[in-house]
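The values are calculated or read from the model by the stated rules, or taken from the named source; none is laboratory data. As the structure is a prediction and not an experimental result, all values here were calculated from the model. No Cβ is skipped: glycine too gets one built from the backbone with ideal geometry, and neighbour counts run over all protein chains shown.
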Ligand code: CP
């Protein structure tokens, strides 16, 4: 592939290849082994049109560990503020001949559109409610390391699924790898027609968490509830917030995940989030760097191969 725009078009073997490479990078990161030759001579531009802590920082660290020249566009200070469009901004940066463009945008589909206009590799760092492929991949790596496999697991994705690109990418990835996925949340926060993805739907946390291997909590995304019903935080925590009592319905060795940023006391009790025997939330962040290193490594190999073929007059 020349871009990483979503999970939708990835084959299970491509997912496994990427996770195997990411696993190696994760181990090398732990012992401080750098790989600065991998992206040496390549330029990576990070364009975040929406706030980020984890994704932005880990793409920057990943690029630097692999030896890329990394530039973070300060979008708040860019000519976007003077009315320049996303596409004109992308074409302007494209003219400076970057090799890797990492893009986050509030509109679903914006990153796919941008990828059609540029001649470098584009990585989707989250677009609207559509996809967040590197988050699903880092979640998959975290699950595989904790459970020893990434198939035939029972995984509950809980809370505000309707507004979540993380949930959408995870539903696709976990389904492709033959896991049983449950969605748990109030009817107002579950998208319609999700059954077509082969998921089970629950509106009661205790029923939904019964005997699952993985509990994946989602942030209540009030900023995307444009004018719609916004539940009270107290009521939401009471019914759908993960606490020790609700978690007791899952398997005894079930792991707890959250993509972050977390609303403690809204979708998750702080003591559960901090419980190192159950929570793998910090491991998810750590795996984010490894997965992004693997994704950029594989795209750079394809980019170099395509350029080599072009220079040789093939294809
Ligand atoms: N999980 C995630 O995408 O976090 P950030 O918004 O901080 O990047």
Among the candidates 72, 94, residue that is in contact (Cβ under 8 Å) with a residue 12 or more places away in the chain and either surrounded by 19 or more Cβ atoms within 10 Å (Cβ to Cβ) or closer than 18 Å to residue 303 by Cα (or both): 94
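Per-residue answers, yes or no, for (1) over 27 Å from residue 276 (Cβ atoms); (2) touching a residue at least 12 places away in the same chain (Cβ under 8 Å); (3) touching a strand residue (DSSP E or B) at 6+ places or on another chain (Cβ under 6 Å):
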residue	(1), (2), (3)
166	no, yes, no
231	yes, yes, no
249	no, yes, no
258	no, yes, yes
Selection within the stretch 122-135 - closer than 23 Å to residue 222 by Cβ and within 11 Å of the ligand (Cβ to nearest atom): 125, 126, 132, 135
Boolean, residue 196 is within 16 Å of the ligand (Cβ to nearest atom), under 20 Å from residue 131 (Cβ atoms) and modelled with pLDDT under 95: no
Test for residue 211: is it surrounded by fewer than 18 Cβ atoms within 10 Å (Cβ to Cβ), touching a residue at least 40 places away in the same chain (Cβ under 8 Å), over 22 Å from the mean Cα position of the chain (by Cα) and more than 16 Å from the ligand (Cβ to nearest atom): yes
Checking residue 261 against (1) outside any helix (DSSP H, G or I); (2) within 16 Å of the ligand (Cβ to nearest atom); (3) surrounded by 15 or more Cβ atoms within 10 Å (Cβ to Cβ), the condition it does not meet: (3)
Count of the stretch 270-315 residues which are without any contact (Cβ under 8 Å) to a residue 12 or more places away in the chain and not in a helix (DSSP H, G or I): 7
Residue within the stretch 227-237 that is under 26 Å from residue 134 (Cα atoms) and surrounded by 14 or more Cβ atoms within 10 Å (Cβ to Cβ) present: no
Test set (1) more than 16 Å from the ligand (Cβ to nearest atom); (2) more than 24 Å from residue 247 (Cβ to Cβ); (3) crowded, with 23+ Cβ neighbours inside 10 Å - residue 117 fails condition number: (3)
Boolean, residue 139 is free of Cβ contacts under 8 Å to residues at least 40 places away in the same chain, within 16 Å of the ligand (Cβ to nearest atom) and buried (at least 24 other Cβ atoms within 10 Å of the Cβ): no
Residues that are part of a loop (DSSP other than H, G, I, E, B), over 18 Å from the mean Cα position of the chain (by Cα) and crowded, with 17+ Cβ neighbours inside 10 Å, drawn from the stretch 12-54: 38, 39, 42
Failed item, numbered, when residue 92 is tested on (1) under 20 Å from residue 304 (Cβ atoms); (2) part of a helix (DSSP H, G or I): (1)
Matching entry among 57, 146 (being under 30 Å from residue 185 (Cβ atoms), free of Cβ contacts under 8 Å to residues at least 40 places away in the same chain and in a helix (DSSP H, G or I)): 57
Residues that are away from the ligand (no atom under 16 Å from the Cβ) and in contact with a strand residue (DSSP E or B) (Cβ under 6 Å, 6 or more places away or on another chain), drawn from the stretch 71-88: 71
Out of 291, 280, sole residue that is modelled with pLDDT of 95 or more and either in contact with a strand residue (DSSP E or B) (Cβ under 9 Å, 6 or more places away or on another chain) or more than 30 Å from residue 97 (Cα to Cα) (or both): 280
Residue match in the stretch 179-186 (condition: modelled with pLDDT under 95 and either over 25 Å from residue 105 (Cβ atoms) or in contact with a strand residue (DSSP E or B) (Cβ under 7 Å, 6 or more places away or on another chain) (or both)): yes
Per-region count, the stretch 41-66, residues more than 20 Å from residue 118 (Cβ to Cβ), away from the ligand (no atom under 16 Å from the Cβ) and in contact with a strand residue (DSSP E or B) (Cβ under 7 Å, 6 or more places away or on another chain): 1
